[in-house]
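Input: a single structure, listed below in structure tokens.
The values are calculated or read from the model by the stated rules, or taken from the named source; none is laboratory data. Just so we're clear, the structure is a prediction, and the values are computed from it rather than from any experiment. Positions of Cβ are backbone-derived with ideal geometry, glycine not excepted, and every protein chain shown enters the neighbour counts. To get the accessible areas, we keep the full protein, side chains included, count just its heavy atoms, and leave off ligands, DNA and RNA. Shrake-Rupley method; radii C 1.70, N 1.55, O 1.52, S 1.80 Å.
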Amino acid sequence: GAGVSQSPSNKVTEKGKDVELRCDPISGHTALYWYRQSLGQGLEFLIYFQGNSAPDKSGLPSDRFSAERTGGSVSTLTIQRTQQEDSAVYLCASSLVSGGNYNEQFFGPGTRLTVL
Amino acid sequence: RKEVEQDPGPFNVPEGATVAFNCTYSNSASQSFFWYRQDCRKEPKLLMSVYSSGNEDGRFTAQLNRASQYISLLIRDSKLSDSATYLCVVNLHSGGGADGLTFGKGTHLIIQP
């Protein structure tokens, strides 16, 4: 079946512009995660959606970052007034449930964001 | 102290050799543990979960030492295709709640012919 998809795959923008990144999780997966990964760094958790519960926004680095998930499926991560330090690969992952010892997260290919 | 620490490497290992690397975590309340693999410019993929009793999957063996708060990954008879970055993942909870999920920065492994 189809995996997690993200669009665009690459985005180059100018400092100060807003960008929207899209994630289509695997059908039926109730949990959705956004991470970012800077060059040579580990994954930094940003935000987490689980079913109809309020999202866990504890990882968002500033109020310029926001995300929503419509209809429990597609998610959009929005970065307003982009800064050069926002340049990174933004990864989305989904998982079937958010409980149990085995909870594999399936990652999308990521969106490589470059802020000039 | 960082929550999840890994030696970044790179580990340069000849093909066929055995290689092992560790990951330490700071929160003793952590409950679930995983190893993910990430190829260059690709997304991470689950390699294996780590169980308290240790577990093996083919050439890969994962061990958990709760007392010392470290996880290890052993790769036997290494293949060129094992070259990748190995991410240690620790969760405060027994499941996948992201509020407790922490990724290490990864250990870079290079298998040389």
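Placing +1 at every Lys and Arg Cβ and -1 at every Asp and Glu Cβ, with all other atoms neutral, what dipole size does chain B have around its Cα centre, in debye to the nearest 20? List each step's numbers first, then the result.
Values: 11 positive and 11 negative charges, 21 e Å.
It works out to roughly 100 debye.
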Whenever you get a sec, line up B:ILE71, B:ILE110, A:ILE26 from highest to lowest accessible area (probe 1.4 Å, protein heavy atoms). B:ILE110, A:ILE26, B:ILE71
Would you mind calculating the relative contact order of chain A from Cα pairs under 8 angstrom and at least 6 residues apart, reporting the percent as a whole number? 38 percent
Using a 1.4 angstrom probe on heavy atoms only, work out the carbon and sulfur share of the accessible area of region A:1-100 in %. 46 percent
Measure of exposure for B:LEU47: accessible area at 1.4 Å probe, Å² rounded to 10, is 40 Å²
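Excluding ligands, DNA and RNA, what is the solvent-accessible area per residue of the protein assembly as shown at a probe of 1.4 Å, expressed in Å²? Don't skip to the answer; put the middle values down first.
Details: 10930 Å² over 229 residues.
I get 48 Å² per residue for this part.
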Where the only charges are on Cβ atoms (+1 Lys, Arg; -1 Asp, Glu), what is the dipole of chain A about its Cα centre, to the nearest 20 debye? 180 debye
Which cysteines does chain B leave without a neighbouring Cys Cβ under 4.7 Å? B:CYS40
